[in-house]
Amino acid sequence: MKAKPRVLLLSATSGAGHVRAAQALERGLLARGDCVVEHIDALQHVSKLFQRVYDQAYIAMVRRAPQLMGVLYEGTDRPWLHPRRRLALDRLNTAPMIRLLKRIQPDLCVATHFLPAEIIAWLIAKRKLRARHAIAVTDYDVHAMWLCRTVDRYYLAIDEAAEYLARVGVPREKLRVTGIPIDPLFATPANPPAARKQLGLDADATVILVSAGGYGIGPVEQLVKDLLALQRQWQIAAIAGKSEKTRLRLEEFAKQAGHLSSGSPRLCPVGFTTEMDKYMAAADLLVGKAGGLTTSEALARALPMALIEPIPGQEGRNADHLLEAGAAIRCNNLAAAAWKIAALLDDSARWNRMREAARSLGRPGAAAAIAEDVMQLVD
């Protein structure tokens, strides 16, 4: 009996989205039952210094110097320029990952982060790895860091990304527009009344979902205070992510916020949760960051978005695509964000147009579609 192909998924914890995309693909592949799947965090197999730079420095820069993030993003977005220099640096710091890949010798590698993608491409080019190679890009645009020569498939969010890659020299037969892979749970039809009941949310009030993302990044506390100050009959579900400090502050706000006329609490603080599919099914508006995974999940739930101060670089570009499609509004100034959100929720016709735009953009089955296509590489 022929052995099942061995599939290695490689992500990196510089931001939560790369890991969540790989987890979604893992579920999509395991559901097929025709392969052996392993998911590794590439940053667990690099030098300690390199790991700190990629993980801790990334989070610190996002929190304290977001404009610098934009400068670095734009300055390094030069297709096919200086790949040898970057590869030399990455090889120097990823020796444990290289040894791991050589030892495992998978049949197929799927990367959701550009660092392992680059190392895999180099090993294949040097004939030190015999695997087929696929990349799932986790933003709407494709930064130059994702570009590799020895890649069999690129899985992309939108048609424009595919056209861009084709124009900069990637063969069109390698390109697939599938959407960004999200948890297959988002492919199940939404049931807002059931989701609200399960989460303890008000059955009839407008529900605003405020999300700080997995790492608790963003001006959540101030935004929630400003929304509460408007004294509307909204219920706010505020996700603090992994930030315990933020969660505790939100709980203090909730004690002071009081209740809606129905008796439901006006503010429902939530820590880190694995039930974002239910919260998005229950909500009428998502307020938060413009990360590729979060916005793709919202689109899958046909959930309009208010994007708060997108980080320059990939979040800014993600926001541009969502604004162009009519699925989001962008709040560049925190002081006016609550007012802008209220204006949107007061305009039901506009909200309905945004909901339909989000629905048309959503690709809830992206993980299954990628799993179906990528396994053809090893058939």
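When the chain is treated as a GNM, springs tying every alpha-carbon pair under 10 Å, which of 159, 183, 277 comes out with the largest mean-square fluctuation?
In this elastic network of the chain, the residue with the biggest mean-square fluctuation among 159, 183, 277 is 159.
To the nearest whole percent, what portion of all C-alpha pairs in segment 188-361 is separated by more than 24 angstrom?
Working: 4194 of 15051 pairs.
Within segment 188-361, distances greater than 24 Å cover 28 percent of Cα pairs.
So between residue 168 and residue 343, what do we pick up on full extension, going 0.36 nm a residue minus the alpha carbon distance?
On the way: separation 175, 0.36 × 175 = 63.00 nm, distance 4.15 nm.
Answer, rounded to one decimal: 58.8 nm.
Modelled label-to-label distance, residue 191 and residue 336, 7 Å Cα→beta-carbon offset: nm?
According to this spin-label approximation, the distance is 4.3 nm.
Hey, fewest Cβ within 10 Å first, where do 167, 132, 330 land in order? All intermediate terms of the calculation are to be shown ahead of the outcome.
Numbers: 167 9, 132 23, 330 18.
Lowest to highest Cβ neighbour count: 167, 330, 132.
Can you sort 375, 97 by how many other beta carbons sit within 10 Å, fewest first?
On the way: 375 17, 97 23.
By the 10 Å Cβ count, ascending, the order reads 375, 97.
Would any residue of segment 170-211 have its amide N under 13 Å from a label point 7 Å out along Cα→Cβ of residue 376? List them or say none.
Within reach of a label on residue 376: 173-178.
What FRET efficiency do you get for residue 95 and residue 160 if R0 is 35 Å and r is their Cβ-Cβ distance, rounded to the nearest 0.05? Please list the in-between numbers first.
On the way: r = 37 Å, r/R0 = 1.06.
In this case the efficiency is close to 0.40.
Can you tell me how much longer the chain between residue 71 and residue 233 gets when fully stretched, taken as 0.36 nm per residue apart minus their C-alpha distance, in nm with one decimal? Mind dumping the intermediate values first?
Values: separation 162, 0.36 × 162 = 58.32 nm, distance 4.10 nm.
Net length gain for the segment: 54.2 nm.
Please arrange 247, 103 by counting, for each residue, the other beta carbons lying within 10 Å of its beta carbon, fewest first.
Values: 247 20, 103 7.
Ordered from fewest to most neighbouring Cβ atoms within 10 Å, 247, 103 come out as 103, 247.
Tell me what the chain gives for mean residue ellipticity at 222 nm when only DSSP H runs of n ≥ 4 count, each as -39,500 (n - 2.57), the sum divided by the residue total, rounded to 500 deg cm²/dmol. All intermediate terms of the calculation are to be shown ahead of the outcome.
Working: 17 runs with 182 residues, N = 379.
Taken over the chain, the calculation gives -14500 deg cm²/dmol.
Please list, in order along segment 239-250, the HN-Hα scalar couplings obtained from phi with the Karplus expression 6.51 cos²θ - 1.76 cosθ + 1.60 (θ = phi - 60°), rounded to whole Hz, x for Gly and Pro.
9, 8, x, 7, 7, 5, 4, 5, 4, 5, 5, 5
Values quoted throughout were computed directly from the atomic coordinates according to the rules given, and no laboratory measurement underlies them. Since the structure is predicted, the reported quantities are computational estimates derived from the model, not experimental observations. Reconstructed Cβ throughout: ideal geometry from the backbone, glycine too, with neighbour counts over all protein chains shown.
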